[in-house]
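K.L.:
Let me give you the structure first, and then I'll get to my questions.
The values are calculated or read from the model by the stated rules, or taken from the named source; none is laboratory data. As the structure is a computational prediction, the values presented were derived from the model and not from experiment. A quick note on method: Cβ atoms are made from the backbone with ideal geometry, for glycine too, and the neighbour counts reach across all protein chains shown. Ligands, DNA and RNA are excluded from the accessible area calculation, which covers all protein heavy atoms including side chains. Shrake-Rupley method; radii C 1.70, N 1.55, O 1.52, S 1.80 Å.
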Amino acid sequence: MSEESAEIGQVEGVGSVEHAYYERSEPLTGVVLLPGQEEHDTGEHPENIRRLPPVVKRLRESDDWEKLFVMHPRSARVEDIVRSHTGEYVESIRRASIDGPAWLDTDTKAGPGSFELALRSSGAALTAVDAVAMEAYWQPDSLFALIRPPGHHATPDRAMGFCLFNHASVAARYAQAHYPIERVAIVDWDVHHGNGIQDIHFEDPSVLYVSLHQWPLYPGTGSVDEVGAGEGKGFNVNLPMPPGSGDREYGEAFDAVVEPILEQFDPQLLIVSAGQDGHAADTLSNQMISAAGFRDMAARMAAFTDARGIGLVVLHEGGYNVSTLPQLDHAILGGLGSFPTDLEDVFAEGARPAEGWSERLAEILSVQREFWPGLGS
Ligand SMILES: [Zn+2]
């Protein structure tokens with residue numbers, strides 16, 4: 001008897017063994033890939049076609065590839081995008097793609113293929129939502145969508161900061177429209193403030209937005225007192241991190257603010273806007289987060305969603321050092337799937353306590369205590 005048929009023999013009569021044969025001891029994570037990512041070609045630009053291929057190459061060449069749940073995306077439809085953007089804006093991106101290449105603001109470009117690729121990137125986020133939210137026999141606990149261009153700066157009617165469509169927001173509203181999901185939390189650790197997510201959901205109590213970003217830095221929004229408005233007041237949480245913040249400061253921010261607020265909000269789906277541009281070797285920031293720091297943040301989010309039995313969708317946002325990005329994204333998957341990856345990181349070795357952090361944390365806590373009782377006590 002071959003080894004394969006012996007294995008099949010062992011599961012005969014499975015109906016009587018209470019499905020124990022597909023219980024898993026480790027969380028199942030994976031990736032949503034982005035075929036044709038080079039179709040949005042920005043040329044000489046920090047957000048370019050050279051960012052993602054080395055990430056996928058590293059994963060494919062590692063022993064961990066076999067553990068991963070690998071998916072290919074479908075495209076989002078315009079009706080998915082207009083839950084977060086105006087119809088006129090979506091049409092303007094389509095036109096810019098046809099007529100371009102064109103600069104939509106001082107650092108955001110669109111050309112032939114950009115509209116379709118932005119739809120496919122949002123679609124990858126929706127593919128991930130479907131996979132973690134629907135009841136299925138072999139279902140991932142979390143998925144990391146390796147997408148570009150990023151999305152978190154795109155406002156309802158404006159492209160900016162390399163972003164065309166706001167994938168995190170589109171995914172949140174898609175989940176609410178298609179599943180029995182009312183409350184969605186978005187945690188954004190990209191080093192820049194996600195002004196677009198904030199704008200779209202500023203008066204929306206059903207989507208909690210929590211952003212950790214270097215302050216001051218582009219785009220200039222994201223102060224502690226931007227807390228939401230109307231019914232959404234209290235559901236927009238900004239943590240402006242001082243320059244030089246690293247694993248220590250981010251860890252304390254998760255302990256004292258991010259996780260307690262998530263606990264109280266009690267989301268039914270968690271989306272992470274994962275930008276790795278706060279890494280110590282990223283030229284777009286002064287932050288000092290290490291590979292281990294990214295793993296830790298991912299592992300915390302996975303532990304949170306695992307304890308609640310809810311889905312976790314991680315979306316690639318920034319991260320512009322193409323030589324370190326593969327290690328960081330691999331570390332994030334290790335954190336999501338509880339498997340070890342190489343965390344050696346010479347760039348973060350010089351991290352020192354960030355000046356002004358304890359005062360900043362106290363300020364954040366004092367603002368947020370009005371909305372989230374018992375915080376920091
Ligand atoms: Zn960024």
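K.L.:
Just check the stretch 208-289 against the gyration tensor rule for me: Cα atoms, a ≥ b ≥ c as the square roots of the eigenvalues, rounded for a/c under 1.5, and otherwise prolate or oblate depending on whether a/b exceeds b/c.
P.N.:
Verdict is prolate for the stretch 208-289.
K.L.:
Please name which of PHE265, THR305, GLY334 has its Cα lying farthest along the dipole of the stretch 227-377 towards the positive end, using unit charges on Cβ (Lys, Arg +1; Asp, Glu -1) and the Cα centre as origin.
P.N.:
The Cα lying farthest towards the positive end belongs to PHE265.
K.L.:
I would also like to ask the following. Less than 13 Å from a label point 7 Å out along the Cα-to-Cβ axis of THR283: which backbone N atoms in the stretch 37-59 qualify, by residue?
P.N.:
Under 13 Å, as judged by backbone N against the label point of THR283, lie 44-48 of the stretch 37-59.
K.L.:
Assuming R0 = 51 Å, what is the FRET efficiency of VAL322 and GLU370, from their Cβ-Cβ distance, to the nearest 0.05?
P.N.:
On the way: r = 42 Å, r/R0 = 0.83.
Once the sixth-power term is evaluated, E becomes 0.75.
K.L.:
Using the Kyte-Doolittle scale, find the helices of the chain whose mean hydropathy is at least 0.5 and whose Cα atoms extend 24 Å or more along the helix's long axis, counting only whole DSSP H runs.
P.N.:
Working: long enough: 114-133 (28 Å, 0.92); 291-308 (26 Å, 0.02).
Those that pass (Cα extent of 24 Å or more, hydropathy at least 0.5) are 114-133.
K.L.:
Can you spot the aspartates and glutamates whose alpha carbon is less than 14 Å from LYS233's alpha carbon? Ignore those fewer than 8 places along the same chain.
P.N.:
ASP199, GLU203, ASP204, ASP225, GLU370
K.L.:
Taking K and R as +1 and D and E as -1, what net charge do the other residues with C-beta under 15 Å from the C-beta of GLY319 add up to?
P.N.:
With Lys, Arg at +1 and Asp, Glu at -1, the neighbours total -3.
K.L.:
Net charge near HIS167, counting Lys/Arg +1 and Asp/Glu -1 over other residues with Cβ under 13 Å of its Cβ? Could you put the intermediate results ahead of the total?
P.N.:
Numbers: positive: ARG83, ARG120, ARG148, ARG173; negative: ASP80, ASP188, ASP190, GLU317.
Charge balance in the 13 Å sphere: 0.
K.L.:
Apply the a/c threshold of 1.5 to the C-alpha gyration tensor of the stretch 162-235 and tell me whether it is rounded, prolate or oblate. Working shown, then result.
P.N.:
Values: a/c = 2.26, a/b = 1.44, b/c = 1.57.
Oblate is the answer for the stretch 162-235, as a/c is 1.5 or above yet b/c matches or exceeds a/b.
K.L.:
Carbon and sulfur together cover what percent of the accessible area of the stretch 28-368 at a 1.4 Å probe radius?
P.N.:
51 percent
K.L.:
Continuing with this model, one more query. Using only the Cα atoms of the chain, build the gyration tensor, take square roots of its eigenvalues as a ≥ b ≥ c, and label the shape rounded, prolate or oblate: rounded if a/c is under 1.5, else prolate if a/b is larger than b/c, else oblate.
P.N.:
Because its axes are fairly even, with a/c under 1.5, the chain counts as rounded.
K.L.:
Where the only charges are on Cβ atoms (+1 Lys, Arg; -1 Asp, Glu), what is the dipole of the chain about its Cα centre, to the nearest 20 debye?
P.N.:
Magnitude of the dipole: close to 640 debye.
K.L.:
Place a label point 7 angstrom from the Cα of GLN264 along the Cα-to-Cβ direction, then list the residues of the stretch 358-377 whose backbone nitrogen is under 12 Å away.
P.N.:
365-377
K.L.:
What's the FRET efficiency of SER377 with ASP306 using the Cβ-Cβ distance as r and R₀ = 41 Å, to the nearest 0.05?
P.N.:
0.95
K.L.:
Go ahead and estimate [θ] at 222 nm for the chain from helices alone: -39,500 (n - 2.57) per DSSP H run with n ≥ 4, summed, over the residue count, rounded to 500.
P.N.:
That calculation yields -10500 deg cm²/dmol at 222 nm.
K.L.:
Within the chain, which is the longest segment that contains none of the GluC sites (Glu not before Pro) sitting in a DSSP loop with at most 15 other Cβ atoms within 10 Å? Could you put the intermediate results ahead of the total?
P.N.:
On the way: sites that count: GLU12, GLU18, GLU23, GLU44, GLU135, GLU182, GLU203, GLU344, GLU349, GLU355, GLU370.
Longest stretch, sites excluded: 204-343.
K.L.:
Averaged per residue, what accessible surface does the stretch 28-368 expose to a 1.4 Å probe, in Å²?
P.N.:
Values: 12160 Å² over 341 residues.
Per residue, the stretch 28-368 has an accessible area of 36 Å².
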